[in-house]
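Right, one structure below, let's go through it.
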Amino acid sequence: MTQNDTSFRQQLGADSPGEAFALMVGGMMALSALIAALPRIFASIPTWLVAHQVLVTQPLLALPGCRGAGLDGGRLIIMLGLLAMALSPVVTIVLARAREHRRDRDDE
């Protein structure tokens, strides 16, 4: 038995190679069950969003996969604002790196 084998079993919390194997197979089966359930879970999301008035049934912008549900004017503006807020740190980092790169290039 190698050191790597022992440390791997310890990470899994197994006392023997058989337990480690059972944990790995059980984990793969659980992951497979989760992946198999994803379409059913995602199919109910648009209905929940309409019921909680996040999406509307007479939209200005229909979202793909939502069976005709989407965003009206006010919700569209809010979503665009949230998208801008989410992207602003990325844009700030990209612009800062571009300035730094330009400054380094000018110093050479």
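The values are calculated or read from the model by the stated rules, or taken from the named source; none is laboratory data. Quick caveat: nothing in here was measured; it's all calculated off a predicted structure. Ideal geometry is used to build each Cβ from the backbone, glycine not excepted, and the neighbour counts take in all protein chains shown. For the accessible areas, the whole protein counts, side chains as well, though only heavy atoms, and no ligand, DNA or RNA atoms are used. Shrake-Rupley method; radii C 1.70, N 1.55, O 1.52, S 1.80 Å.
Hey, any hits in region 24-45 for a residue that's in contact (Cβ under 8 Å) with a residue 12 or more places away in the chain, closer than 30 Å to S7 by Cβ, in contact with a helix residue (DSSP H, G or I) (Cβ under 8 Å, 6 or more places away or on another chain) and open to solvent by 50 Å² or more (accessible area, probe 1.4 Å)? Within region 24-45, one or more residues are in contact (Cβ under 8 Å) with a residue 12 or more places away in the chain, closer than 30 Å to S7 by Cβ, in contact with a helix residue (DSSP H, G or I) (Cβ under 8 Å, 6 or more places away or on another chain) and open to solvent by 50 Å² or more (accessible area, probe 1.4 Å). I'd like to know if region 10-18 contains one or more residues that are open to solvent by 100 Å² or more (accessible area, probe 1.4 Å), assigned to a helix (DSSP H, G or I), out of contact with any helix residue (DSSP H, G or I) (no Cβ under 8 Å at 6 or more places or on another chain) and at pLDDT below 90. There is at least one residue in region 10-18 that is open to solvent by 100 Å² or more (accessible area, probe 1.4 Å), assigned to a helix (DSSP H, G or I), out of contact with any helix residue (DSSP H, G or I) (no Cβ under 8 Å at 6 or more places or on another chain) and at pLDDT below 90.
Restricting to region 49-79, what's the tally of residues that are open to solvent by 50 Å² or more (accessible area, probe 1.4 Å), under 19 Å from the mean Cα position of the chain (by Cα) and on the phi < 0 side of the Ramachandran plot? Steps first, answer last, please.
Taking region 49-79 first, the residues open to solvent by 50 Å² or more (accessible area, probe 1.4 Å) are 51-54, 57-58, 60-65, 67, 75, 77-79.
Restricting the remaining residues to those that are under 19 Å from the mean Cα position of the chain (by Cα) gives 63-65, 79.
From what's left, on the phi < 0 side of the Ramachandran plot: 63-64, 79.
Going through region 49-79 one residue at a time, the tally reaches 3.
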